[in-house]
Amino acid sequence: AQFAFQENEIKLLTAEIERLKNFGCLGVSPSLEGLRDENAKLKYRLNFLKKSLQEERSKSVKSMININSCLQEIFGAAIQAAYPDLENPPLVVTPSQQPKFGDYQCNSAMGISQILLKTREQKVIPREIAEKIAKNIPANDCIEKVEIAGPGFINVHLRKDFVSKQLSSLLINGVQPPAIGKRKKVVVDFSSPNIAKEMHVGHLRSTIIGESMCRLFEFAGYDVLRLNHLGDWGTQFGMLIAHLQDKFPDYLTVSPPIGDLQAFYKESKRRFDTEEEFKKRAYQCVVLLQSKNPDFIKAWNLICDVSRREFQKIYNCLDITIIERGESFYHEMMKDIVKEFEDKGFVQVDDGRKVVFVPGFPVPLTIMKSDGGYTYDTSDLAALKHRLCEEKGDILIYVVDSGQSVHFQTVFAAGQMIGWYDPKVTRVAHAAFGVVLGEDKKKFKTRSGDTVRLIDLLEEGLKRAMDKLKDKERDKVLTPEELKAAQTSVAFGCIKYADLSHNRLNDYVFSFDKMLDDRGNTAAYLLYAFTRIRAIARLANIDEQMLRKAAREEVLVLDHEKEWKLGKCILRFPEILQKILEDLLLHTLCDYLYELATTFTEFYDSCYCVEKDRQTGQIVKVNMWRLLLCEATATVMAKGFDILGIKPVQRM
């Protein structure tokens with residue numbers, strides 16, 4: 001659409017320049033500063049448009065095409081031509097489920113039939129509407145033919161040369177995302193553990209889902225800010241600092257050897273609950289910390305640093321990149337938040353507390369406690385405003401468990417109410433997720449009933465992955481380095497994939513046995529499939545340089561039904577990513593990668609890539625176009641793995 005607009009403008013400008021030329025008005029093209037007369041301005045604008053169109057086209061040539069979006073544009077134009085007076089007609093284009101129904105289907109006729117009946121009292125059967133749409137399909141490069149089926153489905157058959165060209169482009173240029181237009185800023189809030197508490201299995205989902213969302217938006221060309229909203233401020237630090245003073249009185253000069261911060265936290269909590277004198281001192285410590293007393297700030301930093309080191313061990317294992325910006329970062333902004341809500345008349349006083357009622361939500365936000373302290377509500381409002389007004393976020397995503405849904409809906413509604421953002425312009429979303437369950441379908445706990453520590457879970461994953469590899473006798477064929485790489489790839493890849501392959505809105509059962517199974521929709525199966533695909537060309541003595549040369553010279557023949565099925569499946573990658581950018585449901589990508597791997601297996605079982613002599617085993621023929629299909633499959637799988645945060649290995 002953008003190209004069409006620019007081309008149209010170029011035509012109009014060219015015509016205007018010709019008109020001026022006929023009047024003898026055009027001289028030589030002046031510098032930018034010297035653009036005084038109308039004809040020179042037109043010529044400059046024309047050159048600028050031609051250059052920008054050329055740049056956009058070269059970017060676009062390298063990008064993968066979203067075939068579904070292309071078909072939507074084509075059918076959108078056809079519907080507009082067939083029914084020009086119809087406002088916002090339904091536009092439904094989906095991949096066909098069965099080859100006999102073509103490659104895609106346009107199912108808009110039924111919806112249009114309903115609209116005509118309701119708004120104009122015209123009874124038109126959907127099949128007639130479908131025929132009218134089909135007659136108005138504009139000239140295009142991708143559709144071979146359309147057929148009307150059943151009550152009014154339009155079955156679309158793609159052109160083989162179009163699909164072949166797109167696959168060649170993918171092999172030459174790599175997996176390039178479709179252009180997104182203006183580069184938007186995305187702020188993702190994820191992981192968010194609490195200082196002085198160990199990361200547990202509950203933090204696993206936010207960390208894995210958030211990282212994958214960031215990778216997806218970055219790949220799509222967005223400017224992504226990854227934020228770790230640490231629980232690093234609040235009344236609990238009073239008891240921690242008081243306990244630190246008692247246990248390590250020389251903490252200001254000698255760094256205290258706090259090995260087990262979890263035990264340290266439990267000790268201070270027990271004292272806070274049982275010793276009245278300690279409790280009073282803990283409250284005094286909070287006051288001194290909030291007034292920025294240097295000794296207390298140092299104590300606070302010491303405790304935070306111990307936690308940071310422990311968190312980083314987990315982030316290193318899971319390959320997580322994140323910027324710390326805890327509650328303390330927003331502390332100085334909170335008084336201004338309270339004042340802003342007061343100035344606009346939104347604050348009510350309830351039993352000494354300052355609260356804000358948001359229309360449509362029964363429970364108010366408490367922005368100041370009766371003792372003058374701030375709350376999570378205040379902190380989250382301050383964070384929301386900073387991300388909108390200072391960071392200038394176009395899209396804000398909070399990857400936090402479903403239990404916080406009402407809280408975030410209320411906070412976001414308060415932000416709209418006070419005028420910080422317009423939801424029609426700025427997208428603010430809570431990417432909620434369910435809890436992790438044990439195999440007994442109850443909340444995942446240790447046998448003693450404690451929360452499962454995340455570091456223990458990761459270490460158990462490493463142990464089980466190695467056991468699995470040794471069961472398969474991989475230790476006999478891999479070098480120690482290759483075995484170690486396969487162990488970490490399988491262990492952490494399986495833990496991530498088991499989470500991401502489930503709809504995040506649902507609870508899911510954590511089972512090492514299921515996630516390490518090399519059959520079915522698991523990372524173990526996909527990683528092994530990927531390694532086998534990569535090995536096909538290598539075993540045929542075809543190196544990367546030969547594949548690159550072939551990609552430029554060979555035509556990808558898609559005559560066999562399994563070649564055709566695989567080629568179309570590969571090219572659905574951009575539409576899968578587009579869907580996830582809209583609904584933030586990453587299991588769609590996992591389902592797609594599993595479908596791609598199984599479709600490849602069908603192709604490989606039916607189509608010889610490398611033909612060998614049955615007696616000698618010598619290679620007699622290499623079907624290069626099929627090796628290129630193998631390479632295209634592996635290239636898309638590798639990018640899918642990268643978005644999911646999974647690291648494949650060359651040998652497994």
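Values quoted throughout were computed directly from the atomic coordinates according to the rules given, and no laboratory measurement underlies them. Since we're looking at a predicted model, the values are computed, not measured. Positions of Cβ are backbone-derived with ideal geometry, glycine not excepted, and every protein chain shown enters the neighbour counts.
Its Cα gyration tensor gives the stretch 293-338 an equivalent ellipsoid. The semi-axes, each the square root of 5 times an eigenvalue, are 26, 17, 5 Å from largest down. Simple rule: put +1 on each Lys or Arg Cβ and -1 on each Asp or Glu Cβ in the chain, find the dipole, and look at Gly434, Ile397, Ile646; the Cα lying farthest toward the positive end is Ile646. Take Lys549 and Glu128, extend 7 Å from each Cα along the Cα→Cβ direction, and tell me the distance between the two endpoints in nm. Going from the Lys549 label point to the Glu128 one covers 6.2 nm.
Here's the list of lysines a cross-link from Lys565 could span, going by alpha-carbon distance under 17 Å and ignoring same-chain residues fewer than 8 apart: Lys100, Lys160, Lys165. Remark: the chain carries a charge dipole of roughly 1000 debye about the Cα centre, counting +1 on each Lys and Arg Cβ and -1 on each Asp and Glu Cβ. On full extension, the segment bounded by Lys339 and Phe219 gains 39.2 nm, given 0.36 nm per residue less the C-alpha separation.
Here is the list for the stretch 389-478: trypsin sites (Lys or Arg not before Pro) lying in DSSP coil, each with at most 11 other C-beta atoms within 10 angstrom of its C-beta, are Lys424, Lys441, Lys442, Arg447. Distances between placed amide hydrogens fall under 5 Å for Leu396 paired with Val187, Arg427, Val428, Ala429, all partners being 5 or more residues away or on another chain.
Applying 1/(1 + (r/R0)^6) with r as the Cβ-Cβ distance of Gln618 and Gln578 and R0 = 60 angstrom yields a FRET efficiency of 0.85.
In a DSSP loop and with at most 12 other Cβ atoms within 10 Å, the chymotrypsin sites (Phe, Trp or Tyr not before Pro) in the stretch 523-616 are Tyr608. Measuring spread by the Cα atoms of the stretch 235-324 yields a radius of gyration and Dmax of 14.1, 45 Å.
Tell me which residues come under 5 Å, amide H to amide H, from Glu144 once H is placed; ignore anything under 5 positions away on its chain. HN-HN under 5 Å from Glu144: His157, Leu158, Arg159.
Across the cross-link table entries Lys197/Lys445; Lys313/Lys463; Lys247/Lys369; Lys463/Lys514; Lys468/Lys568, which are compared at the Cα atoms, the separations over 24 Å belong to Lys247/Lys369; Lys468/Lys568. Separation of the stretch 460-483 and the stretch 516-568, taken as the distance between their Cα centroids, equals 25 angstrom. Looking at the chain alone, DSSP beta bridges between its own residues are antiparallel in about 60 percent of cases. Based on the Stokes-Einstein relation at 25 °C and a viscosity of 0.890 mPa s, and on the Kirkwood radius from alpha carbon pairs, the chain is assigned a translational diffusion coefficient of 83 µm²/s. On a C-alpha basis, how far is the centre of the stretch 597-652 from the centre of the stretch 148-169 in Å? Whole number, if you could? The stretch 597-652 and the stretch 148-169 have Cα centres spaced 25 Å from each other. Each residue of the stretch 547-555 was assigned a 3J(HN,Hα) from its phi angle through the Karplus curve 6.51 cos²θ - 1.76 cosθ + 1.60 (θ = phi - 60°); the sequence is 5, 4, 4, 5, 4, 7, 9, 7, 8 Hz, with glycine and proline shown as x.
Across the alpha-carbon set of the stretch 64-158, the Rg to Rh ratio works out to 0.96, Rh being the Kirkwood radius.
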